[in-house]
Each structure stands twice: as C-alpha cells, then as structure tokens.
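Chemist: This structure is in structure tokens; I'll ask about it shortly.
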Amino acid sequence: MENITRTKKILYLTVISVLILLSILLGLRFFYPVREKESVLTTTGTTAVTTAFSQTIADADSGSIQLNSRAQGDYFYIKTGGIWQRTFLKGVNMGLSLPVSSLDHVEISYDVYLDWFYDISRMNANTIKVFTIMNPDFYNALYDFNEKNPRNPLYLLQGVWINENDMNNIGDAFGENSRILNHFKKSIKEIVDIVNGNKTLAAYGTVPQASYKKDITKYIAGWILGLEWDPRFIINTNKNNPDKTEYDGCFLKTSNGSPFEVFLCEAGDYLIRYETETYQKQQPLAFLNWSTTDPLEHSAEPFPEEDSVSLNTETIHSTAGFYAGLFAAYDMYPYYPEFINYQPDYITYTENGIPNPYKAYLKDIKKFHTVPVLVAEFGVPTSRGRAHESVMGYHQGFLEEKEQGDMVLSMMKDIQSANYAGGMIFTWQDEWFKQTWNVYQYTAPSIAQRFSNVQSAEQCYGIAAYDPGTVKSVCYPDGDLSEWRNEKAVFESEHVTLYIKTDERYFYIAGKTKIDLNTNKLVIPLGTSGRGNKTDGSNGLSFEKPADFLITLDGQCNTNIKVDAAYDVFYYTYHVTKGVFPRNPSLEKQNSGIFNVINMFTSNELVLPLTGKTIPPRFIETGALTYGNGNPERENYESLSDFFYTSDSFEIRIPWNLINVLDPADKKIIGDLYQNKGIKPTAKEDFYIGGGILGLDKSIKMSKYNISGYDTATFHKRLKQSYGILKDGLKNIN
C-alpha cells in the first residue's frame, strides 16, 4: 500500500514537472521567434510562399523608450493594435524628382505624393524606402495617407545619405579631422529632427523655409545609413587608419572591426543616442551594403575591383540599451557584378529544374548574418537599351514591361522564401536625369539638358512610367494613323509619302505607300549632320542629300536603322578611342557609302579566374527595330515596339539617342567625330528625309524638316504593365 502511494506521488510530481517544462518552453516560444519548417501555399494562379516563423513577439522592457518597429530573429515586428506582429516589408524605393526636375530643384507636390501612395498601397506594397531627406510635402502626404488608412499604412525605411563630393575628394572617412564623419553626424541629427516633426530648413531645393511639422516616427520601419560605397573609399579608410579597430559606444560597439566598420559604428551609435536622448524613441538600424563590397569572397569574379574589399557589419553589435535592433541591408541585382553569372555554385543552383543564381546568392548572404536581412534594392529596367547581361535573362534593360513584372515578382518571392525580412523594388518612378555607363558619353552632361532617353537603362526602372505629353504622347506605332490626319506631308514621291512628329523621347515617322509593304522593302535616308553618305553601296542607292542614317523597313523581323560608318559612335568609342576592337580605315572616311549596324556595348572582355577562359567583349544590335503595337491603351501593347506596319502604311519611332541627338530641346547633335576628335555638340536647325522602294527607286530625293525643339518638357504618369502583375502577386507574399 505504501509502495502504491509512493508510486502515485512520483507519477504526480512527474506530470507536474512535465507541465512546468512545457509552460517554460511555450513561454520561450512566445518571447523568441522559433524557426519552423517552410511551407508553400498555392492559391489560384499564383504560388504564395509563406515561411512559418513566430508571428508575434513579446513587449521589450524598454522603459520610457518608445518602439514601433523591431528587428529580431529574421524579421521586422511592427506594433499593431498593441501586438508585435511579424511584418514582411515589401515595397518600393522612391526617388527625389519628377522628369523635368533635378536633384537641386525637387518639385514634387503634396498631391503627386498622395497619388503615388495610393497607387503603391493598391499594388499591395506596405513600405517606401527613400535615400535621404525628402521635401516637406513627402512627409506631410505620408502622414495624412496613413492617418486615413490606419489598417493598411505605408511604412518608411528612411535613408541617410553621405556627401559624395567629400567622399571622392577626401577619400578617407576620418580624413581632414573626420570631416566626412562630422558631416554625416550633422545629416543624421537633421533627419532625426525632420521625421520627429521638429525641423525647419533654410531651403529645400526650390522650397524656401522648408518646415517639417509632422511626427511620422510611428510609421518608420527602420533607418538605413549610407550608400553603395566605393570600394576605394573603404580601402583608403582602412589603410590610413590602422589603429581604429574598436569603438565602444552607448548603443553600438565593435571590436576587431575594420576602420571603416568603426566609422559606421560611430555614426550609427550617434543616431541612436541622439534619437533616444532627444525624443525617447528608437528604430531598427542598418548600414547599407551592396554586392561589390559584400563580406563574401567570390572566386569567379573576373574584375578584381568588384571583389577587392569586404564590408562586414556583423562586427557591429548592439548594447542592452538598444531595443529596436540591428538589421542588414543590401542592394542586390541579378546581373551585376559578374560573379553572379559565373560563380559555379550559383549558376548550378536550381529550383524545380530551373537555374536560379540570384536565389543562390541570396541564400549565401543570408547564411552569413545573425540579424534580419533586407534587400534594399532589386529590380530590372524596361529601357530599350541594355547595360548588363544576366545568365538568367534578367538583364539590365531591353525588357518588356510584362517581363519586368514577372522578373521582379519572381525575385520578391525568392527574397521572401530565403527568409529575408523584406525586399524594396527599385524603383517607383522613372527618372529622366539618370545616366548609364554605356550611354552617358552620348548625352548632354548637364542634368538640365537631359531628356527621356529610353536607351539609358538607369532611367527606366520605374513601375510608374513618365511618358512625354501632358495626357498622352503625340502618337504611338499602332497602325492607327488618325493621330496624323492634321499633319502636312514632309516628303512625297511616286511611291512614298512621309510625315514627321517629335517629342521629348522620339523622332516619329509615319508613311503611306501604294506599294505592298508585305512583299517590298522600303528605305528611308535621314540626314542630320549635313555630311553623311550620298550613296548606299550595299543596295546601289544614291541620295539627293547626305544621309547619316538609313532605315530599312523589311518585315517584322529584319527592319533596322543603320548609321554612316564615319558617324558611328560605337565604332569611334570602342575601335578608335578605346581600342577594344581593331580599326578599319575604310570605315573612317567621309561619304564612304558604308552604313554600319548600330551596336550597343554591354561588357568589356572577361577573363574568368577559375578557368582562365576569355569571354570576348559583348554588345547588342540596338539598331534592330522591334515590331509591335506601341500604344499602351491597346490589349496587344508591347512596350519595346519601335514600328508597326500594314500593307500600305507604317509608323516608326526612333529614340533621339539612336540618331546621335544630344539635346532635342536645344537642337544639339553630335558633331563630326574625327574633326572634333571626340563627341562634341553642334547646333542643328533642320534634317533631311526621303523614302523609296528597293528595286523601284535607285535615286532618292530628300526634303527638309525643321526641328522645333521645346522650352519645357511635358510628361504624364502611366502605370506600366508590371504594376498589374505586381499587384496580383504581392498580395500573396506576406
């Protein structure tokens, strides 16, 4: 009997112990997010990837410090209705300007911002990332939008920029008595005051007495300090300050860090300390990094400068007093640097039998970090030109708007399924002032003179397009010539009648003919410089005036525009000036009768370090014209369309940059390449144009067209086809 009683007591105590242990474990699960198995949920027509992590965390014992967002485990947690809810940040970067404004004259109004915020919210995004201080109307509109939409607010990732001129001129973060660091701290203090609604600037661009009165901190998801660091700046800082390996701040500290990491640690600590002491608030904080300076070694990178130094923010740790938490932020693109195209373990990585080097790289970066990781920039542009190529086909340019949507959505899914804390699409709006490495030398150097250049990849990342025209563009290649009914013919011959229009982006040509274009080839000589070719040797044609360009309409697949060999900027740049390719003296003569294919350079020669294999320089034929309907209101719209034709009519649009126009507003073209010994502007008031049918017209007359130019550019917003794709897809990513 006594043994039975003892056994019952032991059993009772065992049960109690198990229950206590379970309670402790459940309590720990409540306080700390526990990683569980990934699950893939399939909805109608869409695969929605949801990774099962703890959806909530407990309050932090932060005392009087106000917290609205926290970075913990793998994610951000945002306080909603008194509960810390796990929130995957899915959003867009937002630039500073509209098409006709520059970084010095930001002119975006409150109403435009508000319109954008509604569009972004309807796209099922929840976050906006900005690089630096925005004008007051941005913060006013964001505050008002969120107050009116409390159930679906837009969170803000606020960037803090650094003075690039100082960075380039001084070249050392601690140089000239820490001038860069001190300026950085000044910017930090200023921007902390701004988001707390407690700052008036003497001016912001064209806004005098810029007053910031809205406290938007409850909508801030986090701070991101810095920019895409020039590796030379990091190397110089590390080299010049070998003794700076530690920083022990109030909220951040580093030991065994590089001098540059010490610089970042001190700047970050200053921000946290200033906001904590002044406003009793804290937000999660990250230091921007990018693929060129990531902490990994990439043995397949062919360009040493792209893997010359590592920035390792894991050396920076928070103290017990920083409750909001650190996170990591990277700009990560699928086409650059080149290691993503050649690293063996990336290019052999597959999912569902499909190679996905981007996902492999994401996973590599994620494994390195102990803090939540966010992709601060990713995307692909819808430009006509291309600047880099990707083994995945996710190129930097020459992509349809639908392709942009599919690719960006696919990358967002990769980011989410790799257990990242969020992804910020680059970018919300197209920006006309941007330059790209392979076209900048063929455009006006002044921002004020730049125009909508679809050859420039950097201008066309937006999900919102900004097209010429106040409501719509002057015309579209779509087979409907009603837009031309009031236009006077510029050229008329027995076989061809031509019309011309222009706007901030294109030189448009429309034509009518009695000859069937399905079975005949049409040629259009265009004289812009007054030099050019008087003949076309390959087709046995002669022209009344010198022709710098020759357009051949030859069906859906073989239509193109070529350039007089002596006016070919690709040949001059890469054969003559840089010596990438051999020279051919016959191509450098005036009036040679030779028209070159128009090419666009996309990569220098690569020598792969792992194999020694040489990849020749790469380029694409950008003079090849794409057939399709270019009217965005049509169901069969294709954004890369250059021309449309029927049996007896056609419409063609040629980007200004493709015909060597530097500034269409001011009527400036590229002058004589050899006489000027380079690419230099020259004024031009008129062009000459003609048309003929191959086999019927041997000698082609040409007529003058006076270029109008313009004083003020016009533009209108248009949501690209990618917007709808993202809207449908983002609602399933959480």
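Just so it is clear, none of the values below were taken in a lab; they were calculated from the coordinates. Please read these numbers as outputs of a predicted model, since none were measured by experiment. We place every Cβ from the backbone using ideal geometry, glycine too, and count neighbours over all the protein chains shown.
Chemist: Taking only Cα atoms, what is the 0 to 90° angle, nearest 10, from helix 231-240's long axis to the longest principal axis of the chain?
Modeler: Helix 231-240 sits at roughly 50 degrees to that axis.
Chemist: Given R₀ = 41 Å, FRET efficiency for C250-L608 by Cβ-Cβ distance, to 0.05?
Modeler: For C250 and L608, the calculated efficiency is 0.30.
Chemist: What's the magnitude of the charge dipole for the chain around its Cα centre, counting Lys and Arg as +1 and Asp and Glu as -1 at the beta-carbon? Answer in Debye, nearest 20.
Modeler: 1000 debye
Chemist: State the antiparallel share, in %, of DSSP beta bridges confined to the chain, rounding to the nearest 5.
Modeler: Of the beta bridges lying entirely in the chain, close to 70 percent run antiparallel.
Chemist: In debye to the nearest 20, how big a dipole does segment 475-713 give about its Cα centre with +1 on each Lys and Arg Cβ and -1 on each Asp and Glu Cβ?
Modeler: So the dipole magnitude of segment 475-713 works out to roughly 920 debye.
Chemist: Report the Cα centroid-to-centroid distance between segment 590-607 and segment 646-708 in angstrom, as an integer.
Modeler: Computed from Cα coordinates, the inter-centre distance equals 19 Å.
Chemist: How big is the equivalent ellipsoid of segment 642-724 along its three axes, where each semi-axis is √(5λ) from the Cα gyration tensor, reported in whole Å from largest to smallest?
Modeler: 26, 25, 13
Chemist: Another question, then. Please get the size of the charge dipole for segment 507-644, origin at its Cα centre, with Cβ charges of +1 on Lys and Arg and -1 on Asp and Glu, quoted in debye to the nearest 20.
Modeler: 380 debye
Chemist: Could you check the spin-label model distance between R151 and Q209? Points 7 Å from the Cα along Cα→Cβ, value in nm.
Modeler: Taking the simple label geometry, R151 and Q209 are separated by 4.1 nm.
Chemist: Shifting gears a bit: How fast does the chain diffuse by Stokes-Einstein, in µm²/s, taking the Kirkwood radius from C-alpha pairs at 10 °C and 1.306 mPa s?
Modeler: Approximately 56 µm²/s, per Stokes-Einstein.
Chemist: Something else now. Using a Förster radius of 25 Å, what is the FRET efficiency between S708 and R634 based on their Cβ-Cβ separation? Nearest 0.05, please. Provide the component values of the computation, followed by the final result.
Modeler: On the way: r = 28 Å, r/R0 = 1.11.
Plugging the Cβ-Cβ distance into 1/(1 + (r/R0)^6) gives 0.35.
Chemist: Would you calculate a helix-derived [θ] at 222 nm for the chain, using -39,500 (n - 2.57) for each DSSP H run of n ≥ 4 and dividing by the full residue count, to the nearest 500?
Modeler: -7000 deg cm²/dmol
Chemist: From the P(r) of segment 457-538, can you give the percent of Cα pairs sitting at distances over 20 Å? Don't jump to the answer; show the numbers that get you there.
Modeler: Details: 1716 of 3321 pairs.
Counting every Cα pair in segment 457-538, those more than 20 Å apart make up 52 percent.
Chemist: Also: Which stretch or stretches of segment 167-181 have amide N atoms under 16 Å from the point lying 7 Å from D243's Cα along the Cα→Cβ direction?
Modeler: Within reach of a label on D243, which here means backbone N under 16 Å from a point 7 Å along Cα→Cβ, segment 167-181 contributes 174-178.
Chemist: Now for a separate question. Calculate the length of the line joining the C-alpha centroid of segment 253-297 to that of segment 161-199, in whole Å.
Modeler: Between the Cα centre of segment 253-297 and that of segment 161-199, the gap is 13 Å.
Chemist: Now, a different point. So for the chain, taking the charge dipole from beta-carbon charges (+1 Lys/Arg, -1 Asp/Glu), which of S452, A329, T319 sits furthest toward the positive end?
Modeler: Value: T319.
Chemist: Still on this structure, I have one more. Within segment 170-240, what is the number of lysine pairs with alpha carbons under 25 Å apart, leaving out pairs fewer than eight places apart on the same chain?
Modeler: Pairs that pass both the separation and distance tests number 16.
Chemist: Right, next: Where a Cα-Cα gap under 14 Å defines reach, which aspartates and glutamates qualify for K534, not counting those fewer than 8 residues away within the same chain?
Modeler: Qualifying aspartates and glutamates at Cα under 14 Å: E544, D548, D564.
Chemist: Give the residue from F581, S649, G709 lying farthest towards the positive end of the charge dipole for segment 475-713; charges sit on Cβ (+1 for Lys and Arg, -1 for Asp and Glu) and the dipole is referred to the Cα centre.
Modeler: F581
Chemist: Separate question: Run a plain Debye calculation on segment 475-713 (Cα atoms as equal point scatterers, no solvent) and give log10 I(q)/I(0) at q = 0.07, 0.10 Å⁻¹, rounded to two decimals, same order as the q list.
Modeler: After summing over all Cα pairs, the log10 values are -0.24, -0.49.
Chemist: Q556 label point, 7 Å along Cα→Cβ, cut-off 15 Å on backbone N: hits in segment 504-530?
Modeler: Residues 518-519 fall inside that zone.
Chemist: Which pairs break 23 Å Cα to Cα here: K501/K677; K521/K698; K578/K684; K129/K727; K501/K684; K366/K402? Show your work: numbers first, answer last.
Modeler: Details: K501/K677 32 Å; K521/K698 13 Å; K578/K684 28 Å; K129/K727 18 Å; K501/K684 17 Å; K366/K402 29 Å.
Exceeds cut-off: K501/K677; K578/K684; K366/K402.
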